[in-house]
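Written below as structure tokens is the structure these notes are about.
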Amino acid sequence: MTMFGRVAFLVLRKDATIEIKSLEILSTTLFFAVSCVLVFAFAFVKEGSIVADASAGILWIAIAFAGTLALGRTFERERYAETVRALLLAPAPRAAIYVGKLLGIVLLLISAEVMLVPLVALLFSAPLFARPLLLAGLLVAGTVGFAAVGTLFAAMLVRSRTRDIMLPILLYPITVPVIIAGVRGTAALLSSPPDEAIAGMWIGLLLCFDVVFVTLALWTFEPLMTE
Amino acid sequence: MTFDFDTVELAEVSRHFGRRRALARVSLTARAGDIVGVIGPNGAGKSTLIGILATLVSPSSGEARYGGQSARDLGGALRRRIGLVAHELLLYPELSARQNLRFFAELYGLDARRVVDAAIERAGLRERADDPVAGFSRGMRQRLALERALLHAPRLALFDEPFTGLDDQAVGLVTVRLRLLAAGGAIVVMATHDLEVADGLVTRVALFRGGKLLLDEPAGAGLRGRYRELVRQG
């Protein structure tokens, strides 16, 4: 394994070890996401009838809100004992640390989505499992795009006193295209019959976003993290 | 790429944070075997200087050179030769002492099995090696932080207020370790405002106030008196 890959893996393994010990971020993220979906369920489901496409939007809003929470908490751990400085001192390309953190966030969010998708399908009677592979493609590609930007901003703001306010302010405007693509792609899968071509087109667009966001983040991580 | 050096030099280094000047045209050289005491009141620029030497802070102007080469050209090869002990201990409180050391050993590409047990022994934490660091006393954490920073036998060992919150016994242990490091050929740079400990430990004194280097000379007796006089004169 190259040094880049090894360091990214070590950062991912370290974050996973801490999370498995504490389950802090996964439990708070899940609790928040489930609460969000339940509130929407009470608002949008009346006597068994559901606003069209609402479930697609609610799923992605829950992912985005829960993701923001997870991003903040993940970097709070690195800020607490200034371990982010120890990571940046490692003799590896600093972008490897970004990749390790990104993979950790993506895995965390996918774990939350494994719970969220059946919940949304159940509460909104949404046929989310009609095309499971396309749905998985949308979720993975959308999660990577959202987390790619979020990981960069959360790392950048780790020393800022206003990080809790600044993270959503910076994150949401830039990730709006990802959320829109996710919502429209999911809505296409929920139509009857499922529109696979449209869903595939949105997955393609999400993959383009992923490439652009990850490339930009790899390029800017080191200068942004050097004070 | 293997890289080593025996001098560290700051050449006309300035650093501003917005309109605030943290360092102003500082030139300073440290050699292998030196224990340089970076001394000054709060806000003197000591931590900024340590950050620049650690490559975590970039100078607004001027340059840090390691064996005559710029940090910009060296990247990871240079960081492999730098160790940092800060006031914040740079340890994961949720992980055990062993897990912390193992993580950092692997990050530096070291044989973790070989170096971790030895480091735990040196830190005097054999009985608590598998306990989470969150339950350790300040002294135990500081000893662990010291071993974490020195796992990879750095050429440049940077200490930012290493004695804060330590009892006399822990201060003694850290002091002995610093002397051993310098005797082994490391360049030790220590930012502190604890003149009592610095007096008799450091071999060079760099005195700062308001980001300016007021004094850079071999250490001698009576550091406290000279410090007070210089700070009063400004």
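The values are calculated or read from the model by the stated rules, or taken from the named source; none is laboratory data. Computed from a predicted model, the values in this text were never measured in an experiment. Note that each Cβ is placed from the backbone with ideal geometry, even for glycine, and that neighbours are counted across all protein chains shown.
For (1) over 18 Å from A:Ala62 (Cβ atoms); (2) in contact (Cβ under 8 Å) with a residue 12 or more places away in the chain; (3) surrounded by fewer than 14 Cβ atoms within 10 Å (Cβ to Cβ), each residue gets a yes or a no:
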| residue | (1), (2), (3) |
| --- | --- |
| A:Leu152 | yes, yes, no |
| A:Arg161 | yes, no, yes |
| A:Asp195 | yes, no, no |
| A:Phe213 | yes, yes, no |
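If a residue must be of a type in the set (D, E, K, R) and within 24 Å of A:Ser55 (Cα to Cα), how many such residues does the range A:93-126 contain?
Here the count works out to 1.
A search for C-beta distances below 7 Å between a residue of the range A:107-125 that is at positive phi and any residue that is aliphatic (A, V, I, L, M), counting only pairs 6+ apart in sequence or on different chains, returns A:Ser125/A:Ile50.
Go through the range B:24-33 and give me each residue that's of a type in the set (A, V, I, L, M, F, W, C) and either within 13 Å of chain A (Cβ to nearest Cβ) or assigned to a strand (DSSP E or B) (or both).
Within the range B:24-33, B:Ala24, B:Val26, B:Leu28, B:Ala30 qualify.
The set of residues in the range A:21-47 being surrounded by fewer than 24 Cβ atoms within 10 Å (Cβ to Cβ), aliphatic (A, V, I, L, M) and within 13 Å of A:Glu113 (Cα to Cα) consists of A:Leu26, A:Leu30, A:Val34, A:Val37.
Of all residues in the range B:109-145, how many are at pLDDT 90 or above and touching a Pro at 6+ places or on another chain (Cβ under 8 Å)? Residues flagged as at pLDDT 90 or above and touching a Pro at 6+ places or on another chain (Cβ under 8 Å) within the range B:109-145 amount to 3.
Checking A:Ala126, A:Ala121 one by one, the residue that is in a loop (DSSP other than H, G, I, E, B) and either away from chain B (no Cβ under 14 Å) or not basic (Lys, Arg) (or both) is A:Ala126 and no other. Scanning the range B:104-115 for residues that are away from every other protein chain (no Cβ under 14 Å) and either surrounded by 19 or more Cβ atoms within 10 Å (Cβ to Cβ) or among the aliphatic types (A, V, I, L, M) (or both) returns a single hit, B:Val115.
Selection of the range B:77-103 for residues being within 18 Å of the chain's Cα centre (by Cα) and within 7 Å of chain A (Cβ to nearest Cβ) yields B:Arg79, B:Arg80, B:Ile82, B:Leu84, B:Ala86, B:Glu88, B:Leu89, B:Leu90, B:Leu91.
Out of A:Ala43, A:Ala64, one residue alone is at pLDDT 85 or above, part of a helix (DSSP H, G or I) and away from every other protein chain (no Cβ under 14 Å). It is A:Ala64. Restricting attention to the range A:1-18 and to residues that are closer than 14 Å to A:Phe75 by Cα and out of contact with any helix residue (DSSP H, G or I) (no Cβ under 6 Å at 6 or more places or on another chain), the residue that is nearest to the other protein chains (Cβ to nearest Cβ) turns out to be A:Ile18. Exactly one residue out of A:Ile50, A:Ile58 is surrounded by fewer than 20 Cβ atoms within 10 Å (Cβ to Cβ), closer than 26 Å to A:Pro194 by Cβ and of a type in the set (Val, Ile, Thr), and it is A:Ile50. Across the range B:93-124, what is the total count of residues that are of a type outside the set (Gly, Ala, Ser) and out of contact with any Lys or Arg (no Cβ under 7 Å at 6 or more places or on another chain)? Residues in the range B:93-124 being of a type outside the set (Gly, Ala, Ser) and out of contact with any Lys or Arg (no Cβ under 7 Å at 6 or more places or on another chain): 15 in total.
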